[in-house]
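Visitor: One structure coming up, written as structure tokens, with questions to follow.
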Amino acid sequence: MANVIVVAGAGVSGLTSALLLSKNKGNVITVVAKHMPGDYDIEYASPWAGANVLPMATEEKSRWERRTWPELKRLTEDVPEAGIHFQKARVFRRKKDESAPGVHVADPLFSANPWYQSVLPDYRELGPNEVIPGHDSGCEFTSLCINTAIYLPWLVGQCLKNGVVFKRAVLTDIRDAKALSHTGQPAKIIVNATALGSLKLGGVKDETMMPARGQVVVVRNEYHPMIATSGTDDGATEMTYIMTRAAGGGTILGGTYDVGNWESVPDPNIAVRIMKRAVDVAPGLTGGKGIEGLSVIRHGVGLRPYRRDGVRIEAEEMKGDDGETVVVVHNYGHAGWGYQGSYGCAERVVELVEGIVRG
Ligand code: FAD
């Protein structure tokens with residue numbers, strides 16, 4: 001008998017879960033979501049991401065990122081139509097940011113001797129004359145950058161090829177997904193990948209969910225390597241990073257990480273600060289012409305689905321209105337690392353689903 005599964009959510013978490021689940025021909029999968037690839041909406045984080053791999057987890061919690069790198073690397077090497085390319089990353093540290101730990105959730109990225117030096121290729125500490133002014137040390141490694149406008153539709157295409165069916169739906173309760181399988185049969189398992197939607201979604205109402213607002217400027221100028229710095233002098237919610245997307249996706253200048261801020265409109269003052277910091281750390285971005293040399297494609301804001309206690313990946317039995325049980329496998333709360341942890345998390349979803357199917 002087929003395993004009827006409904007995945008709620010079509011961001012990178014829902015799509016990667018659906019893709020890995022669809023590799024088992026015994027699973028019949030419907031993805032239902034309010035927003036789909038192609039949409040740009042403040043309630044939909046995935047299109048706004050850079051997206052690169054700059055590890056953020058502590059070593060103890062590094063499973064999701066460790067398990068994801070090999071698959072993203074394989075796609076970059078062998079599947080050009082996925083829209084990912086390798087890019088060298090340079091991470092710069094300031095001593096004064098060490099005394100303000102926790103300002104950004106990305107802190108483990110800036111550790112000396114980080115766990116990820118054995119995972120990401122070509123890791124090395126930078127020599128003193130390679131460190132940019134205003135910084136005390138830095139490191140370099142090979143990372144990658146995903147063009148989300150290509151990658152998300154590519155994921156949909158891979159799912160369609162495996163027989164996954166996509167439907168639009170706005171859920172008021174996660175259990176409503178049970179009745180939404182395209183087969184007409186009730187779903188046995190629901191995967192909850194509704195991210196920030198889980199704050200208000202009936203049956204979940206996870207009040208530890210909140211936005212970590214990220215404002216970016218997308219420009220036509222290209223720059224290599226990608227850059228991230230440990231702090232700025234513009235306040236605790238501001239950050240500096242630069243990454244150039246694959247396949248003409250432009251360059252993302254970031255940014256902010258502002259927990260609890262729901263504002264969907266780009267703030268022009270923040271935008272100017274982002275651009276100024278970018279040309280300060282990388283004057284070559286505009287050939288030394290300052291921010292006037294930037295060719296802006298758009299200003300954007302995305303809300304990272306931040307969860308106070310970290311990502312939630314677990315199975316939960318729920319009783320529906322009909323008194324019947326349905327199992328919900330949660331996969332939400334990835335904050336700023338939803339892409340770089342996507343395959344590790346989806347692999348765990350598959351393990352949980354297989355456990356439920358085996359009874
Ligand atoms: P979302 O993409 O938000 O998808 C949620 C889905 O659930 C949507 O389809 C939505 O419509 C649906 N949904 C919600 N509620 C309901 C409902 N009630 N009924 C029906 N459907 C519902 N990550 C990285 O790995 N690397 C990066 O470099 C990176 N950079 C980032 C930069 C910025 C500026 C931002 C904002 C984020 C960045 N991220 C990055 C984080 C990454 O974007 C997120 O972690 C990831 O997109 C979360 O994906 P998701 O599928 O869980 O959520």
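Visitor: Considering only the stretch 20-31, I want to know if a residue exists there that is among the polar types (S, T, N, Q), under 26 Å from Tyr257 (Cα atoms) and in contact (Cβ under 8 Å) with a residue 40 or more places away in the chain. Working first, answer last.
Guide: First pass over the stretch 20-31, keeping only residues among the polar types (S, T, N, Q): 22, 24, 27, 30.
When the remaining residues are screened for being under 26 Å from Tyr257 (Cα atoms), the result is none.
No, there is no match, as no residue in the stretch 20-31 is among the polar types (S, T, N, Q), under 26 Å from Tyr257 (Cα atoms) and in contact (Cβ under 8 Å) with a residue 40 or more places away in the chain.
Visitor: Follow-up question, since we're still on this one. Among Leu109, Leu171, Leu160, Leu152, which is in contact with a helix residue (DSSP H, G or I) (Cβ under 9 Å, 6 or more places away or on another chain) and over 22 Å from Trp337 (Cβ atoms)?
Guide: Numbers: Leu109 fails: over 22 Å from Trp337 (Cβ atoms); Leu160 fails: in contact with a helix residue (DSSP H, G or I) (Cβ under 9 Å, 6 or more places away or on another chain); Leu152 fails: over 22 Å from Trp337 (Cβ atoms).
Result of the check over Leu109, Leu171, Leu160, Leu152: Leu171.
Yes/no per residue for (1) at pLDDT below 95; (2) among the aliphatic types (A, V, I, L, M); (3) under 30 Å from Asp322 (Cα atoms); (4) surrounded by 22 or more Cβ atoms within 10 Å (Cβ to Cβ):
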| site | (1), (2), (3), (4) |
| --- | --- |
| Ile190 | no, yes, yes, yes |
| Ala193 | no, yes, yes, yes |
| Val216 | no, yes, no, yes |
| Thr229 | no, no, no, yes |
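Visitor: Consider the stretch 21-41. How many of its residues are surrounded by fewer than 24 Cβ atoms within 10 Å (Cβ to Cβ) and more than 14 Å from the ligand (Cβ to nearest atom)?
Guide: Total satisfying the criteria: 7.
Visitor: Considering only residues that are under 15 Å from the mean Cα position of the chain (by Cα) and small (Gly, Ala, Ser), look in the stretch 325-359 and name the one that is nearest to the ligand (Cβ to nearest atom). Even if it seems obvious, please write down each step before you answer.
Guide: Within the stretch 325-359, the first condition is being under 15 Å from the mean Cα position of the chain (by Cα), and the residues that meet it are 331-346.
When the remaining residues are screened for being small (Gly, Ala, Ser), the result is 333, 335-336, 338, 341-342, 344, 346.
Working: Gly333: 8, Ala335: 6, Gly336: 5, Gly338: 2, Gly341: 7, Ser342: 7, Gly344: 11, Ala346: 10 Å.
In this case the residue turns out to be Gly338.
Visitor: Just checking, which of Ala236, Ala246 is aliphatic (A, V, I, L, M) and at pLDDT 95 or above? Working first, answer last.
Guide: On the way: Ala236 fails: at pLDDT 95 or above.
The unique qualifying residue is Ala246.
Visitor: Another one. Here are the criteria: (1) within 21 Å of the chain's Cα centre (by Cα); (2) without any contact (Cβ under 8 Å) to a residue 40 or more places away in the chain. Tell me which single one Asp322 does not satisfy.
Guide: Of everything listed in (1) within 21 Å of the chain's Cα centre (by Cα); (2) without any contact (Cβ under 8 Å) to a residue 40 or more places away in the chain, Asp322 misses just condition (1).
Visitor: Still on this structure: Applying the selection to the stretch 1-37, what residues are among the charged types (D, E, K, R) and touching an Asp or Glu at 6+ places or on another chain (Cβ under 8 Å)? Before the answer, list the steps.
Guide: Step one: list which residues in the stretch 1-37 are among the charged types (D, E, K, R), which gives 23, 25, 34.
Residue satisfying the conditions is Lys34 alone.
Visitor: Given the residues Lys200, Lys167, Lys205, Lys178, which is the only one that is more than 19 Å from Val279 (Cα to Cα), over 20 Å from the mean Cα position of the chain (by Cα), more than 12 Å from the ligand (Cβ to nearest atom) and not β-branched (Val, Ile, Thr)?
Guide: Details: Lys200 fails: more than 12 Å from the ligand (Cβ to nearest atom); Lys167 fails: more than 12 Å from the ligand (Cβ to nearest atom); Lys205 fails: more than 12 Å from the ligand (Cβ to nearest atom).
Criteria check complete, one pass: Lys178.
Visitor: Here's another thing I want to ask about it. For the structure I just gave you, tell me whether Glu71 is within 22 Å of Ser230 (Cα to Cα), in contact (Cβ under 8 Å) with a residue 12 or more places away in the chain, more than 10 Å from the ligand (Cβ to nearest atom) and of a type in the set (Asp, Glu).
Guide: Working: within 22 Å of Ser230 (Cα to Cα): no; in contact (Cβ under 8 Å) with a residue 12 or more places away in the chain: yes; more than 10 Å from the ligand (Cβ to nearest atom): yes; of a type in the set (Asp, Glu): yes.
It is false that Glu71 is within 22 Å of Ser230 (Cα to Cα), in contact (Cβ under 8 Å) with a residue 12 or more places away in the chain, more than 10 Å from the ligand (Cβ to nearest atom) and of a type in the set (Asp, Glu).
Visitor: Another question about this same structure. Scanning for something in the same structural domain as Asp39 (by the TED database) and exposed (fewer than 15 other Cβ atoms within 10 Å of the Cβ), does the stretch 341-353 turn up at least one residue? Spell out how you get there, then give the answer.
Guide: Keep residues of the stretch 341-353 that are in the same structural domain as Asp39 (by the TED database), which gives 341-353.
If we keep only those that are exposed (fewer than 15 other Cβ atoms within 10 Å of the Cβ) too, we end up with 351.
Yes, some residue in the stretch 341-353 is in the same structural domain as Asp39 (by the TED database) and exposed (fewer than 15 other Cβ atoms within 10 Å of the Cβ).
Visitor: In the stretch 292-300, is there at least one residue being surrounded by fewer than 20 Cβ atoms within 10 Å (Cβ to Cβ), hydrophobic (A, V, I, L, M, F, W, C) and without any contact (Cβ under 8 Å) to a residue 60 or more places away in the chain?
Guide: no
Visitor: Return yes or no: is Glu316 surrounded by fewer than 21 Cβ atoms within 10 Å (Cβ to Cβ) and assigned by the TED database to the domain that holds Ser17?
Guide: It is true that Glu316 is surrounded by fewer than 21 Cβ atoms within 10 Å (Cβ to Cβ) and assigned by the TED database to the domain that holds Ser17.
Visitor: Being more than 15 Å from the ligand (Cβ to nearest atom) and either at positive phi or exposed (fewer than 14 other Cβ atoms within 10 Å of the Cβ) (or both) is true for just one of Ser111, Ser99. Which residue is that? Even if it seems obvious, please write down each step before you answer.
Guide: Details: Ser111 fails: either at positive phi or exposed (fewer than 14 other Cβ atoms within 10 Å of the Cβ) (or both).
It is Ser99.
Visitor: For the stretch 42-59, check the following and say yes or no: at least one residue is surrounded by fewer than 17 Cβ atoms within 10 Å (Cβ to Cβ) and part of a helix (DSSP H, G or I).
Guide: Yes, that holds for at least one residue.
Visitor: Additional query: How many residues are over 15 Å from Ala247 (Cβ atoms) and in contact with a helix residue (DSSP H, G or I) (Cβ under 8 Å, 6 or more places away or on another chain) if we restrict to the stretch 73-89?
Guide: Summing the residues that are over 15 Å from Ala247 (Cβ atoms) and in contact with a helix residue (DSSP H, G or I) (Cβ under 8 Å, 6 or more places away or on another chain) in the stretch 73-89 gives 0.
The values are calculated or read from the model by the stated rules, or taken from the named source; none is laboratory data. Quick caveat: nothing in here was measured; it's all calculated off a predicted structure. We place every Cβ from the backbone using ideal geometry, glycine too, and count neighbours over all the protein chains shown.
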